[in-house]
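The values are calculated or read from the model by the stated rules, or taken from the named source; none is laboratory data. Just so it is clear, the model here is predicted, and its values are computed rather than measured. Reconstructed Cβ throughout: ideal geometry from the backbone, glycine too, with neighbour counts over all protein chains shown.
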Amino acid sequence: MQELNRHHNNANVMDSESCTHQPVYFGVVNININERTIGSVDVWRCGACKKRFCEEKQLGIEAIADIVGMPHIEPDEKWGVLISKLQKGKDRWSLVRLPENGIIKHERIDDEIVDISVENYQVVEEGYWSFLIDDHINKAVEI
Ligand SMILES: [Zn+2]
């Protein structure tokens, strides 16, 4: 894909990749197991270009990320949560960036990196499922 490198020749066209992001808190998605919240994903949105930024929070673990360190996401990716059906507790879920179609790398709890197939922003791999953050803002998702 060609790198966009526009400058300020058209102020009405907001190119998210040249935006100096000004993220403001947008909402939260709670991650529940048996109706108990075990973690959450904080969602921030840039007031200028509307790009979303997400931060994974495991219950009881102090977050160390700050807004300046917002993780990068490509324009053609969406934030999602990957659920490992065989795992329990905090090992059962992780924040991921889902392409429309392709492969994501996932580090299992045994430290092995595995390829996980994605179709239409959904994980299609035995033993896993996923959901999109955008669909569950300010809701709880039972995993
Ligand atoms: Zn922005």
Are any of the residues in the stretch 106-114 without any contact (Cβ under 8 Å) to a residue 40 or more places away in the chain and in contact with a Phe, Trp or Tyr (Cβ under 7 Å, 6 or more places away or on another chain)? no
Given (1) at pLDDT below 95; (2) part of a strand (DSSP E or B); (3) closer than 16 Å to residue 127 by Cβ; (4) of a type outside the set (Lys, Arg), number of the condition residue 103 does not satisfy: (1)
Modelled with pLDDT of 95 or more and either more than 12 Å from the ligand (Cβ to nearest atom) or surrounded by fewer than 11 Cβ atoms within 10 Å (Cβ to Cβ) (or both): is that true of residue 12 in this structure? no
Report yes if some residue within the stretch 52-69 is more than 15 Å from the chain's Cα centre (by Cα), in a loop (DSSP other than H, G, I, E, B) and at pLDDT 90 or above; otherwise report no. no
